[in-house]
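Take a look at the structure below.
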Amino acid sequence: MRPVVLLEEVSTADHALVGGKASKLGELVREGLPVPPGFVVTTDAYSLFVDSTALKEIIPEALAQLDLARAETVDAVSQRLRTAFEATPFPPELEKTLAAAFREYSQLNGVQYSAVRSSATAEDLDTASFAGLQDTYLNITGEEAILAAIRKCWGSLFTPRVLVYRARKGFDHASVRLAVLVQKMVAASVSGILFTRDPNTGENHMIVEAGWGLGEAIVGGEVTPDHYVVDGVSQRIVSKQISEQSWRLVRDDRGGNRREDVPPDARKAQKLPDDRIDRLVSLARVIQSHYRRPMDIEWCAENGRLYIVQARPVTTLGTALGAASSAPDESMASSTPPSAPLNPPTAAPPARPAPAPLAPAASGDSSPPLARGFGASPGVASGVVRKILRVQDSDRLRPGEILVTAMTTPDMVPVMAKAAGIVTDEGGMTCHAAIVSRELGIPCVVGTRTATQVLPEGEIVTVDGKMGTVRAGAPAPEVQLAESTSASGSSDHGFASPVTATKIYVNVSVPQKAAEYARLPVSGVGLLRIEFIFTSFVKEHPLVLLKHGKGPELVDRLAEGIATVCQAFYPRPVIVRTSDFKTNEYRGMPGGAEFEPVEENPMIGWRGCSRYVSPVYRPAFLLELEAIQRVRTDKGLKNAHLMLPFVRNTTELEIVAEMMKEKGLRRNRDFQLYLMAEVPSTVLMAAEFAKHCDGFSIGSNDLTQLVLGVDRDSETLGRMGYFDERDPAVLRAIELLIQGAHSAGRSVGICGQGPSVYPEFAEFLVREGIDSISLNADTVVSTTRSIAALEQRLKLNGMRAGKGT
C-alpha cells in the first residue's frame with residue numbers, strides 16, 4: 001500500500017498506481033526536463049478511502065440506479081455520489097499521511113499555491129482522452145483546502161459528463177480509479193501547446209500555439225491563440241498567425257483565477273518571442289527523442305522560464321480516422337483546465353490554411369466561405385445550422401445538425417456526439433472542441449471569430465474540417481462522396497492512389513477502435529495484442545479467474561474482443577499475438593501478486609512462450625487458444641491467425657504446437673502461425689524456426705535490446721543514445737533474418753513505429769525486401785505514401801543502373 005509518492009519517483013510503469021497524467025509527468029521529471037514539482041495521492045489511497053468508509057456501499061447502490069437514456073437519473077446519481085465523496089471524512093491514518101506529505105512538499109519547494117489535478121487510470125489513453133471531464137482545482141492554498149480538493153477530485157469520477165463518456169467508451173464505472181496530482185502552480189504569463197507533427201494533416205511541421213496568461217482560456221476555447229509553424233527538419237519558423245487577445249486569465253490572490261484586460265499595446269503582439277520558440281522546440285526534440293515518436297506537449301512560461309506541464313504521444317496525425325486525439329491536459333499546472341479499403345492518395349495533403357485568407361473549398365466550390373477558421377478535425381459534413389449559445393439550450397440540436405457555438409465545454413460532450421459537424425467562434429488546435437471532435441470523428445472548424453454571427457440559423461451549410469471552411473449549401477452527392485472518401489484517407493481530391501509492393505497492415509490495441517481502423521487502406525491487422533483485450537475486456541489476472549472457476553468467462557471475454565476485430569476487417573487477415581505481459585505488468589492486474597514472481601529484469605524473464613509451456617500458466621494459455629478457436633469455428637471468422645511472442649528455442653514451439661492441436665488449431669492454408677523475431681536465437685537459427693511457422697514479424701524494440709545488450713527501460717542508457725534500432729548491428733540482424741526466412745520460403749514483416757518515425761529505417765527495410773510493415777493507425781496514410789514514393793525511386797534507380805546511366 002503506497003498512498004503517496006513523489007512525482008519524481010514515478011514513470012509510465014506506474015500507470016495503475018498514479019494514473020495517466022502523473023505517470024507521464026513523472027517520466028519527464030526523471031528525464032531532467034523542467035516540470036513543476038509535486039506529489040501524487042495514489043489509486044491505493046483512493047481504494048483505501050472508498051473501502052474504509054460508507055462509500056463502499058453507496059457507490060454500487062447509486063450506480064445500480066443509473067439509466068443513461070434518462071438524463072434525470074444520470075444527474076441524480078452524479079449528485080448523490082459527488083455529495084457523498086465531499087462529505088465523507090478521511091480515515092484518520094490516511095488523513096495524517098496526506099497532510100504530512102503536503103507539508104513536506106510545501107516546505108521543500110516553497111509552495112504557496114497548488115494545482116490539484118485528476119489523474120485517472122482510464123485517462124490519456126489511445127482510445128479515450130477524457131479531455132476536461134474530471135475536475136482540477138487551481139490556485140489552492142492551505143492544508144485543509146488541499147484535502148477538500150482531493151475529495152472533490154475523487155468525486156469528479158462521477159460527474160454526469162464522465163458517466164456518459166465512460167459508458168460510450170466501454171469502461172466499467174466501478175473499476176476505474178483516480179489518483180490525484182498535487183503540483184506547484186506556475187503563475188504563467190504565457191502558455192500553450194506544441195505538436196511535434198501537425199495532428200490534422202500529418203505533415204512534418206511543429207505546431208506551436210501560445211496565449212497570454214494561464215492556459216485555461218486556451219483549452220477552454222475562450223480565446224484564439226497565436227499559431228506558429230516550425231519546419232520539422234530545419235527547425236526554422238516558417239509561418240506565424242498572430243491573434244488579437246483582449247483579456248487573459250491570471251491568479252486571483254483571494255483564490256482561483258480572474259480575468260483582466262490585456263494592455264492595449266500587447267493585444268496584437270506576438271505572445272512568444274522567436275528565441276523562446278526556438279528554446280521550446282529544442283525541449284520538444286528532447287521529448288520526442290525520448291519517446292521516439294511525435295508528441296503533444298503542453299508548456300507555460302513564468303518570467304521567461306519555460307516549464308513542461310504535459311507530454312503524450314500524438315495519436316491522430318491527419319488521417320481523418322476520428323481516432324482518439326492526444327488530448328491536451330486541460331488542467332495544466334499553469335492553470336490550464338482540465339468493405340475492401342482503397343489505397344491512400346499519392347499527393348500530400350495541403351498545409352492547414354491560416355484563418356485570414358480565403359481559398360476554394362475541397363469540393364471545388366469557388367464561392368467565398370461564410371466562415372473560416374482552423375481545421376481542427378478532418379472530414380466534410382453538411383447539415384442544418386443550429387446555434388447553441390448556452391449549455392441549457394443543448395436539447396435544441398437534433399442528430400445530424402451542425403453545432404455552432406462560441407466555444408464548447410466538457411458538459412457539452414453528449415450534444416457534440418449528436419452533431420454532424422462543429423463550428424466555434426474561438427479556440428485553437430488544443431481547445432475542447434478540437435480535442436473531442438477529433439476523438440469522436442466529427443468534422444470541426446474552430447477559431448472562426450464570427451460563426452455565431454454570420455451562419456444563418458436553420459440553413460444548410462457544409463463544414464470542411466480539413467480546410468477550415470464553412471460554406472453555404474451542400475455539395476453534389478458525387479462530390480460529397482469523394483470528399484468523405486478523402487476524409488477517411490482513401491482518396492484525396494481525385495489523385496490516384498499509390499500501390500505498394502510492401503504490404504501495409506495496421507496495429508490494433510483495443511477492439512473498440514476496430515470498425516474505425518477497418519476503413520484504412522490496409523491489407524489487414526498485423527498485430528492485435530491479446531494482452532490489451534485482457535485490460536479492456538477481462539480486467540483480472542487470468543489465473544485468478546481460473547482459481548474461481550471462471551475459465552469459461554475468460555474465454556467468452558477474449559473471444560468477444562478478438563471477434564470484434566475480425567468481424568470489422570473480414571475477410572482481411574487479423575494476426576492475433578498471444579499475451580506478452582511481463583511479470584511486473586501481470587502483478588499489477590487484480591489478483592496478480594498471488595501468482596507472479598518479483599523479477600529484477602522482467603524484460604528477459606518469465607514471458608512469452610516460456611510462460612505458456614510452464615505448468616503454472618499452461619491452463620491459462622490453453623484458454624487463449626480456445627478463444628481463438630471459438631472465433632474461427634463458432635463465429636466463422638476464419639481470418640483470425642496466430643502469432644507467438646518472445647520465442648527462445650524450437651523446443652518451446654514444439655510444445656506449443658501440441659497445445660494448439662489440443663484446442664483444434666493446426667497450421668494449414670487457412671490458419672497460419674507467425675513468430676515474433678525478438679530474440680537473437682530466432683535470427684541466427686531462422687531456417688530452423690521457419691520449419692515451425694509461416695512467417696516472422698520483427699519486434700524491433702526487443703531485438704534492439706537483446707542485440708545491443710541495452711535495457712530498453714534504462715533511462716541512463718536511453719539518454720546516452722545506446723538504444724537505437726538503426727544501429728548497424730541491429731540492421732545486420734534484420735538483414736540476416738530476411739535472408740534466412742526468404743531462403744526457407746517464409747515471409748517477414750515488422751510492427752512498430754520505427755518505419756514511420758525514421759525514413760532511413762523504412763528505406764533500409766524496403767531495400768532488404770521486407771514483405772510487410774504494420775503501423776499504428778495514425779501513421780498509415782503518410783507512411784504508405786512515403787513507402788510508395790520510396791519504392792518508385794528504387795525502381796527508377798534500378799532502371800537507370802541497368803542502362804548504365
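The values are calculated or read from the model by the stated rules, or taken from the named source; none is laboratory data. What you see is a predicted model, and the numbers here were worked out from it, not measured in a lab. Every residue, glycine as well, gets a Cβ built from its backbone with ideal geometry; the counts of neighbours run over all protein chains shown. Each accessible area value is taken on the protein alone, full model and side chains, heavy atoms only, with ligands, DNA and RNA left out. Shrake-Rupley method; radii C 1.70, N 1.55, O 1.52, S 1.80 Å.
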Could you grab me the full set of residues in region 74-93 that are within 33 Å of the chain's Cα centre (by Cα) and surrounded by 15 or more Cβ atoms within 10 Å (Cβ to Cβ)? Val74, Ala76, Val77, Ser78, Arg80, Leu81, Arg82, Ala84, Phe85
Quick check: is even one residue across region 113-136 open to solvent by 30 Å² or more (accessible area, probe 1.4 Å), among the small types (Gly, Ala, Ser) and at pLDDT below 95? no
Given (1) touching a helix residue (DSSP H, G or I) at 6+ places or on another chain (Cβ under 9 Å); (2) buried (at least 23 other Cβ atoms within 10 Å of the Cβ); (3) at pLDDT below 85, index of the condition Ala487 fails: (1)
Of the residues Gly551, Gly592, only one is within 24 Å of Leu637 (Cβ to Cβ) and small (Gly, Ala, Ser); which? Gly551
Taking region 754-766 and keeping only residues that are open to solvent by 30 Å² or more (accessible area, probe 1.4 Å) and either assigned to a loop (DSSP other than H, G, I, E, B) or under 10 Å from Ser700 (Cβ atoms) (or both), one is left with Tyr758
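Filter region 654-689 for residues that are in a helix (DSSP H, G or I) and either out of contact with any helix residue (DSSP H, G or I) (no Cβ under 7 Å at 6 or more places or on another chain) or acidic (Asp, Glu) (or both) and give the result.
Result: Glu654, Ile655, Ala657, Glu658, Lys661, Glu662, Ser681, Leu684, Glu688.
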Just to verify a result, which residue in region 439-460, among those that are assigned to a loop (DSSP other than H, G, I, E, B) and open to solvent by 30 Å² or more (accessible area, probe 1.4 Å), is nearest to Lys513 (Cα to Cα)? Gly441
Close pairs from region 663-680: first of a type in the set (Gly, Ala, Ser), partner open to solvent by 30 Å² or more (accessible area, probe 1.4 Å), Cβ under 8 Å, at least 6 apart: Gly664/Gln629; Gly664/Thr633
Long-range neighbours under 6 Å by Cβ, at least six apart or interchain, first residue on the phi > 0 side of the Ramachandran plot and modelled with pLDDT of 75 or more within region 429-442, second open to solvent by 10 Å² or more (accessible area, probe 1.4 Å) and of a type in the set (A, V, I, L, M, F, W, C): none
Subset of region 420-438, residues in contact with a strand residue (DSSP E or B) (Cβ under 6 Å, 6 or more places away or on another chain) and open to solvent by 10 Å² or more (accessible area, probe 1.4 Å), comes to Ala420
Residue match in region 345-362 (condition: open to solvent by less than 20 Å² (accessible area, probe 1.4 Å), at pLDDT 85 or above and touching a helix residue (DSSP H, G or I) at 6+ places or on another chain (Cβ under 8 Å)): no
Has region 521-538 got at least one residue that is open to solvent by 40 Å² or more (accessible area, probe 1.4 Å), at pLDDT 90 or above and closer than 30 Å to Thr500 by Cα? yes
Kindly check whether there is at least one residue in region 5-22 that is over 30 Å from Leu280 (Cα atoms), out of contact with any Asp or Glu (no Cβ under 8 Å at 6 or more places or on another chain) and among the aliphatic types (A, V, I, L, M). yes
Filtering region 296-342 for residues that are at pLDDT 50 or above and under 22 Å from Gly441 (Cβ atoms) leaves a count of 7
Residues satisfying the stated conditions in region 461-475, i.e. open to solvent by 40 Å² or more (accessible area, probe 1.4 Å) and not in a loop (DSSP other than H, G, I, E, B): Ala472
Among helices (runs of 4 or more DSSP H) lying entirely in region 494-613, which contain 2 or more residues that are closer than 18 Å to Ser772 by Cβ? 551-569
Can you pull out the residues in region 31-43 that are more than 17 Å from Asn109 (Cα to Cα) and either at pLDDT 90 or above or assigned to a helix (DSSP H, G or I) (or both)? Val41, Thr42, Thr43
Has region 769-777 got any residue that is within 26 Å of Pro313 (Cα to Cα), in a helix (DSSP H, G or I) and open to solvent by less than 20 Å² (accessible area, probe 1.4 Å)? yes
(1) within 18 Å of Tyr617 (Cβ to Cβ); (2) modelled with pLDDT of 90 or more; (3) open to solvent by less than 10 Å² (accessible area, probe 1.4 Å): which one isn't true of Cys566, the others all being true? (1)
Answer yes if at least one residue in region 712-727 is in a helix (DSSP H, G or I), modelled with pLDDT of 85 or more and open to solvent by less than 40 Å² (accessible area, probe 1.4 Å), and no otherwise. no
In this structure, does Val631 turn out to be touching an Asp or Glu at 6+ places or on another chain (Cβ under 8 Å) and of a type in the set (A, V, I, L, M)? no
Scan region 50-66 and give yes if some residue there is open to solvent by less than 10 Å² (accessible area, probe 1.4 Å) and under 22 Å from the mean Cα position of the chain (by Cα), otherwise no. no
When you scan region 365-424, how many residues do you find that are part of a helix (DSSP H, G or I) and not β-branched (Val, Ile, Thr)? 12
Hey, Arg30 hits all of (1) open to solvent by 30 Å² or more (accessible area, probe 1.4 Å); (2) closer than 21 Å to Val176 by Cβ but one; which does it fall short on? (2)
Evaluate the following for Val598: is it of a type in the set (A, V, I, L, M, F, W, C) and buried (at least 18 other Cβ atoms within 10 Å of the Cβ)? no
Residues (open to solvent by 40 Å² or more (accessible area, probe 1.4 Å), more than 25 Å from Tyr113 (Cα to Cα) and assigned to a strand (DSSP E or B)) located in region 232-253: Ile237, Val238, Ser239, Lys240
When residues of region 1-17 are limited to those that are under 24 Å from Ser289 (Cα atoms) and assigned to a helix (DSSP H, G or I), the one most open to solvent (accessible area, probe 1.4 Å): Glu8
Selection from region 631-653 of residues that are open to solvent by less than 60 Å² (accessible area, probe 1.4 Å) and assigned to a helix (DSSP H, G or I): Val631, Arg632, Thr650, Glu652, Leu653
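Of all residues in region 700-711 being part of a loop (DSSP other than H, G, I, E, B) and open to solvent by 10 Å² or more (accessible area, probe 1.4 Å), which is farthest from Arg746 (Cα to Cα)?
Filtering first and then ranking leaves Asp711.
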Pick from region 276-305 the residues that are open to solvent by 10 Å² or more (accessible area, probe 1.4 Å) and not in a helix (DSSP H, G or I): which of them is farthest from Thr716 (Cα to Cα)? Asn303
